[in-house]
Amino acid sequence: MVHFLQKQTDNSIDMKEAIILLNMGGPNNLNEVEMFLHNMFNDPYILRMKSKMLRKFVAGMITLTRAEKSQEIYRQIGGKSPLVSLTRSLVEKLQDQVGEEVVVDFVMRYTPPMAQEVCTRLKNKGVEKVYLIPLYPQYSTTTTQSSLDDFETTAHAIGWDVITVEIKHFFAHPTYNRAVAARVLEALRGDDASQYEIVFSAHGLPQKIIDEGDPYQRHVVAHVALIRELMEKEGIRFQDVHLAYQSKVGPMKWLEPSLETMLRSLKSKKVIIVPVAFTIDNSETDFELSIEYAEIAHEIGFEEYRVCRCPNDHPLFVQTLKELYEKMK
């Protein structure tokens, strides 16, 4: 079921509307790497210390120590994150599907185009109602809520009295899961699925955030079960199905098992990796999964190590967003 919060509406009034896709963003060039790190680690939903001054200090230290390494990561995948350009393509295709009566745009949380720029532009266009769709399949305060709050706080700050309709998650949406399954089939390249194990890799979170009530882990587990059921109904049966977590940062306890631990435990040496928590490819898929973990898999002795592409601008993902918008109306 799609859950959303509708602040207020009046269907009897003809309003100028917009669909806004929200995501975390990624550096558009190497010069934006420090901006990305600075903005992300200054987000109170990411670093949760109560003291703003302490968070600013810690964020500054993290940015200082990680900037050079992060720049090298982006050099290896073309000098920028693919996320923004792929999102722009998705927006263009969704615009074609919904027609010119509604504006389709996007906002990134940590890199341009950010909320200030987009909100100002839409306000000047006379947009009176927006449908906010965070591009995170599962809900988390660290992603979904951060993006929604950022948009609404910015709109209020510029005096834009806009009506907002917000979707919280869409991991159970059938069309979306068909898009994920389609990417799995692409990765199989016609091979027999029963010869492979499949690992759904989700971006990790500190265990403390889950213990405080964040539903992200429950959503991920439920999502994997739904995709597995869908594929089995289509006759796609893997040797085994697993869930693991990637992208741990710092010494605290994070969700387990880690992807590396999972890879080392697999009996088969043929594996398909599905980045289940991402809708758009980024450094975690193009570098971490496709380069770093590929090297680990090679060291372990895997015969086949394949990473699925994210839904990106796949026609079924475009259709998903159109269906979500129509349901929100």
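Values in this text are rule-based calculations from the coordinates and carry no lab data. Keep in mind that this is a model prediction, so the values were computed, not measured. Backbone-built Cβ (ideal geometry, glycine too); neighbour counts: all protein chains shown.
Of note:
- Applying the Kirkwood pairwise sum to the alpha-carbon positions of the range 258-306 produces a hydrodynamic radius of 11.1 angstrom.
- All alpha carbon pair distances within the range 147-233 were sorted into 5 Å bins beginning at 0; the resulting P(r) in whole percents reads 3, 10, 16, 16, 14, 13, 11, 8, 5, 2, 1, 0.
- In order along the range 85-92, the Karplus-derived 3J(HN,Hα) couplings, from 6.51 cos²θ - 1.76 cosθ + 1.60 at θ = phi - 60°, round to 5, 5, 5, 4, 5, 4, 4, 4 Hz, and Gly and Pro are given as x.
- Length gained on full extension, Glu229 to Lys327, computed as 0.36 nm times the residue gap minus the Cα-Cα distance: 32.9 nm.
- Label-point separation in nm, Asp14 to Arg218, each point 7 Å along Cα→Cβ: 4.4 nm
- Per-residue [θ]222 nm for the chain (sum of -39500 (n - 2.57) over DSSP H runs n ≥ 4, rounded to 500): -13500 deg cm²/dmol
- Of the GluC sites (Glu not before Pro) found in the range 261-315, those that fall in a DSSP loop while having at most 11 other beta-carbon atoms within 10 Å are Glu303.
- Projection of the Cα convex hull of the chain, averaged over all directions and equal to a quarter of that hull's surface, yields 17.1 nm².
- Residues whose amide H falls under 5 Å from that of Val103, counting only those 5 or more places apart or on a different chain, are Glu17, Ala18, Ile19, with hydrogens built in the peptide plane.
- Placed amide H near His169: partners under 5 Å, 5+ positions off or other chain: His3
- Residues of the range 56-82 with amide N under 20 Å of the 7 Å Cα→Cβ point at His298: 72-79
- Zone residues, the range 299-329, relative to Ser89, backbone N less than 20 Å from point 7 Å out along Cα-to-Cβ: 307-322
- The spacing between the range 139-165 and the range 63-81, judged by their C-alpha centroids, is 29 Å.
- Residue-span extension gain [Lys269 to Asn31] - 0.36 nm each, minus C-alpha spacing: 81.7 nm
- Debye log10 I(q)/I(0) for the range 28-142, one point scatterer per Cα, at q = 0.11, 0.16, 0.18, 0.23 Å⁻¹: -0.48, -0.93, -1.09, -1.32
- The range 282-298 - phi-based ³J(HN,Hα) in whole Hz, Karplus 6.51/-1.76/1.60, Gly and Pro as x: 7, 5, 5, 8, 6, 10, 4, 6, 7, 10, 4, 6, 5, 5, 4, 4, 5
- Considering all different alpha carbon pairs of the range 30-76, the Kirkwood hydrodynamic radius works out to 10.9 Å.
- Computed from the C-beta positions of Gln195 and Arg48 and an R0 of 41 Å, the FRET efficiency is 0.40 to the nearest 0.05.
- Under Karplus coefficients 6.51, -1.76 and 1.60, residue-wise ³J(HN,Hα) of the range 188-204 in Hz, glycine/proline x: 5, 6, x, 6, 6, 4, 5, 8, 10, 9, 10, 10, 7, 9, 10, 4, x
- Using all pairs of distinct alpha-carbon atoms, the Kirkwood hydrodynamic radius of the range 117-264 works out to 17.8 angstrom.
- The simple spin-label model puts a point 7 Å past each Cα toward its Cβ; for Ala182 and Lys253 those points are separated by 4.1 nm.
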